[in-house]
Amino acid sequence: MKIIWSDFAIYNLKAIFEYYAVNANKKVAHKLRKQILQSTDRLIKNPESGQIETYLVKFQKNHRYILSGNYKIIYRIENDTIIINDVFDVRQNPDKINVD
(Lines give C-alpha, C1' and ligand atoms only; values in the text may rest on other atoms or scores of the structure.)
Protein backbone atom coordinates (compact mmCIF):
# COMPACT_ATOMS: atom_id res chain seq x y z
CA MET A 1 0.00 0.00 0.00
CA LYS A 2 1.07 3.54 -0.68
CA ILE A 3 -0.47 6.89 0.23
CA ILE A 4 -1.17 9.70 -2.21
CA TRP A 5 -2.41 13.11 -1.10
CA SER A 6 -4.80 15.01 -3.36
CA ASP A 7 -4.03 18.65 -4.12
CA PHE A 8 -7.13 19.59 -2.14
CA ALA A 9 -5.95 17.69 0.96
CA ILE A 10 -2.47 19.22 0.70
CA TYR A 11 -4.01 22.69 0.40
CA ASN A 12 -6.11 22.11 3.53
CA LEU A 13 -3.16 20.73 5.50
CA LYS A 14 -1.11 23.81 4.57
CA ALA A 15 -4.01 26.08 5.58
CA ILE A 16 -4.21 24.37 8.98
CA PHE A 17 -0.45 24.77 9.43
CA GLU A 18 -0.53 28.44 8.48
CA TYR A 19 -3.47 29.14 10.79
CA TYR A 20 -1.69 27.66 13.81
CA ALA A 21 1.64 29.25 12.86
CA VAL A 22 -0.03 32.68 12.99
CA ASN A 23 -2.57 32.17 15.80
CA ALA A 24 -0.51 29.96 18.11
CA ASN A 25 3.11 29.47 17.10
CA LYS A 26 5.18 27.50 14.60
CA LYS A 27 6.04 24.79 17.14
CA VAL A 28 2.34 24.03 17.63
CA ALA A 29 1.76 24.13 13.85
CA HIS A 30 4.61 21.66 13.21
CA LYS A 31 3.40 19.34 15.97
CA LEU A 32 -0.16 19.30 14.59
CA ARG A 33 1.02 18.65 11.03
CA LYS A 34 3.26 15.82 12.22
CA GLN A 35 0.37 14.29 14.18
CA ILE A 36 -1.88 14.34 11.10
CA LEU A 37 0.81 12.83 8.86
CA GLN A 38 1.58 10.07 11.38
CA SER A 39 -2.12 9.23 11.58
CA THR A 40 -2.20 8.60 7.84
CA ASP A 41 0.90 6.39 8.03
CA ARG A 42 -1.04 3.95 10.19
CA LEU A 43 -3.42 3.37 7.27
CA ILE A 44 -0.71 1.50 5.34
CA LYS A 45 -0.97 -1.47 7.72
CA ASN A 46 -4.72 -1.28 8.21
CA PRO A 47 -6.35 0.69 5.36
CA GLU A 48 -9.92 -0.20 6.24
CA SER A 49 -9.61 0.91 9.87
CA GLY A 50 -11.49 4.14 9.21
CA GLN A 51 -15.25 4.45 9.39
CA ILE A 52 -17.38 5.05 6.31
CA GLU A 53 -17.91 8.81 5.76
CA THR A 54 -21.70 9.03 5.61
CA TYR A 55 -21.67 12.58 4.24
CA LEU A 56 -19.91 11.32 1.10
CA VAL A 57 -21.84 8.10 0.42
CA LYS A 58 -23.58 9.87 -2.47
CA PHE A 59 -20.30 9.75 -4.45
CA GLN A 60 -20.21 5.93 -4.15
CA LYS A 61 -16.42 5.83 -3.78
CA ASN A 62 -16.40 4.30 -0.30
CA HIS A 63 -14.83 7.30 1.41
CA ARG A 64 -13.62 6.57 4.91
CA TYR A 65 -12.15 8.69 7.65
CA ILE A 66 -9.89 8.55 10.65
CA LEU A 67 -9.61 11.16 13.35
CA SER A 68 -6.51 13.06 14.35
CA GLY A 69 -7.32 15.53 17.10
CA ASN A 70 -10.01 17.86 15.76
CA TYR A 71 -9.45 16.75 12.17
CA LYS A 72 -11.09 14.13 10.00
CA ILE A 73 -8.71 12.66 7.47
CA ILE A 74 -10.96 11.58 4.63
CA TYR A 75 -9.64 8.96 2.25
CA ARG A 76 -10.57 6.21 -0.15
CA ILE A 77 -8.83 3.05 -1.26
CA GLU A 78 -8.18 2.29 -4.93
CA ASN A 79 -6.37 -0.95 -5.67
CA ASP A 80 -3.18 -0.76 -3.57
CA THR A 81 -3.33 3.02 -3.06
CA ILE A 82 -4.79 5.09 -0.25
CA ILE A 83 -5.88 8.49 -1.55
CA ILE A 84 -6.16 11.21 1.07
CA ASN A 85 -8.95 13.47 -0.19
CA ASP A 86 -9.42 15.99 2.61
CA VAL A 87 -8.36 17.10 6.07
CA PHE A 88 -11.53 18.49 7.63
CA ASP A 89 -11.93 20.34 10.92
CA VAL A 90 -14.76 18.56 12.73
CA ARG A 91 -15.74 21.79 14.49
CA GLN A 92 -17.23 22.98 11.19
CA ASN A 93 -20.65 22.21 9.79
CA PRO A 94 -20.35 18.69 8.29
CA ASP A 95 -22.25 19.83 5.21
CA LYS A 96 -19.05 21.67 4.23
CA ILE A 97 -17.18 18.40 3.67
CA ASN A 98 -15.83 18.38 0.15
CA VAL A 99 -13.51 16.01 -1.65
CA ASP A 100 -12.76 18.24 -4.59
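The values are calculated or read from the model by the stated rules, or taken from the named source; none is laboratory data. This is a predicted model, so every value here is computed, not measured. All Cβ positions, even for glycine, are placed from backbone atoms using ideal geometry, and neighbour counts span all protein chains on display.
May I ask you to list pairs of residues, at least six apart or on different chains, whose Cβ atoms are under 9 Å apart, with the first in the range 1-16 being at pLDDT below 95 and the second being aliphatic (A, V, I, L, M)? Final answer for the pair search is Met1/Leu43; Met1/Ile44; Met1/Ile77; Met1/Ile82.
Table: residues versus (1) touching a residue at least 12 places away in the same chain (Cβ under 8 Å); (2) closer than 25 Å to Glu18 by Cβ; (3) among the hydrophobic types (A, V, I, L, M, F, W, C).
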{"site": "Thr54", "(1), (2), (3)": "no, no, no"}
{"site": "Phe59", "(1), (2), (3)": "yes, no, yes"}
{"site": "Ile73", "(1), (2), (3)": "yes, yes, yes"}
{"site": "Ile83", "(1), (2), (3)": "yes, yes, yes"}
{"site": "Pro94", "(1), (2), (3)": "yes, yes, no"}
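Do we have Val99 as at pLDDT below 95, of a type in the set (A, V, I, L, M) and in a helix (DSSP H, G or I) here? Against the criterion (at pLDDT below 95, of a type in the set (A, V, I, L, M) and in a helix (DSSP H, G or I)), Val99 does not qualify. When restricted to residues that are surrounded by 20 or more Cβ atoms within 10 Å (Cβ to Cβ), of a type outside the set (A, V, I, L, M) and not in a strand (DSSP E or B), the range 46-77 contains 3. Within the range 25-40, is there a residue that is in a loop (DSSP other than H, G, I, E, B), at pLDDT 95 or above and over 16 Å from the mean Cα position of the chain (by Cα)? Yes - at least one qualifying residue is present in the range 25-40.
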